[in-house]
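> After the structure tokens below, expect a handful of questions from me.
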Amino acid sequence: VTIEICSACDCMTLDWTTLPVKPGEKGVIKAHFDTTKKEPGDVVNDFINVILENRDPVTGYPIIYELKYQAIITE
């Protein structure tokens with residue numbers, strides 16, 4: 001599996017494993033959320049799109065995962 005693109009909102013900086021991940025191995029997606037435009041108590045519900053270079057063998061379309069997260073901003 002090879003991650004082609006990871007995308008998220010403007011408040012998120014992403015870094016991910018760029019080399020192919022073989023069966024039994026692990027890859028990493030690091031996400032840094034910038035809270036400077038948020039207030040304490042704000043609730044953030046968002047997602048990170050992960051698009052693989054690999055194709056669905058049946059449809060031929062790219063394989064896409066949506067990673068959902070929720071954060072509550074504190075002081």
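The values are calculated or read from the model by the stated rules, or taken from the named source; none is laboratory data. Predicted model, so just to flag it, every value in this text is computed and none were measured. Using ideal geometry, Cβ is built from the backbone for each residue, glycine included, and neighbour counts are taken over all protein chains shown.
> Would you pick out the residues in the range 1-26 that are of a type outside the set (Val, Ile, Thr) and more than 12 Å from the chain's Cα centre (by Cα)? Write out each step before concluding.
Quick first cut of the range 1-26, residues of a type outside the set (Val, Ile, Thr) only: 4, 6-12, 14-16, 19-20, 22-26.
Selection gives 10, 11, 19, 20, 22, 23, 24, 25, 26.
> Okay, next question. Consider the range 33-43. How many of its residues are modelled with pLDDT of 95 or more and either under 11 Å from the mean Cα position of the chain (by Cα) or of a type in the set (Lys, Arg) (or both)?
So the count comes out to 0.
> Could you please find all residues in the range 45-72 being at pLDDT 95 or above and among the aliphatic types (A, V, I, L, M)?
48, 50, 51, 52, 58, 63, 64, 67, 72
> Of the numbered conditions (1) in contact with a His (Cβ under 8 Å, 6 or more places away or on another chain); (2) in contact (Cβ under 8 Å) with a residue 40 or more places away in the chain, residue 54 satisfies every one except a single condition; which is it?
Residue 54 satisfies all of (1) in contact with a His (Cβ under 8 Å, 6 or more places away or on another chain); (2) in contact (Cβ under 8 Å) with a residue 40 or more places away in the chain except (1).
> Determine which single condition residue 24 fails, assuming it passes every other condition in (1) at pLDDT 95 or above; (2) at negative phi.
Just one mismatch for residue 24, condition (2).
> Still on this structure: So, of the residues in the range 1-50 that are more than 17 Å from residue 63 (Cβ to Cβ) and touching a Cys at 6+ places or on another chain (Cβ under 7 Å), which turns out to be surrounded by the fewest Cβ atoms within 10 Å (Cβ to Cβ)?
By that ranking, first place goes to 37.
> Which residues, taken from the range 22-75, are hydrophobic (A, V, I, L, M, F, W, C), within 20 Å of residue 1 (Cα to Cα) and touching a strand residue (DSSP E or B) at 6+ places or on another chain (Cβ under 9 Å)? First the steps, then the outcome.
Within the range 22-75, the subset hydrophobic (A, V, I, L, M, F, W, C) is 28-29, 31, 33, 43-44, 47-48, 50-52, 58, 63-64, 67, 71-73.
When the remaining residues are screened for being within 20 Å of residue 1 (Cα to Cα), the result is 28-29, 31, 48, 50-52, 58, 63-64, 67.
Passing the criteria: 28, 29, 31, 48, 50, 51, 52, 63, 64, 67.
> Take the residues in the range 6-47 that are of a type in the set (Lys, Arg) and part of a loop (DSSP other than H, G, I, E, B), then tell me which one is nearest to residue 74 (Cα to Cα).
Initial filter on the range 6-47 (of a type in the set (Lys, Arg)): 22, 26, 30, 37-38.
Cutting the leftovers down to part of a loop (DSSP other than H, G, I, E, B) gives us 22, 26, 37-38.
Values: 22: 38, 26: 31, 37: 13, 38: 9 Å.
Looking at residues that are of a type in the set (Lys, Arg) and part of a loop (DSSP other than H, G, I, E, B), I get 38.
> Using beta carbons and a limit of 9 Å, which pairs, at least six apart or on different chains, have the first residue in the range 1-23 and in contact (Cβ under 8 Å) with a residue 24 or more places away in the chain and the second one among the hydroxyl-bearing types (Ser, Thr, Tyr)?
Pairs found: 2/17; 2/18; 3/17; 3/18; 11/35; 11/36; 14/7.
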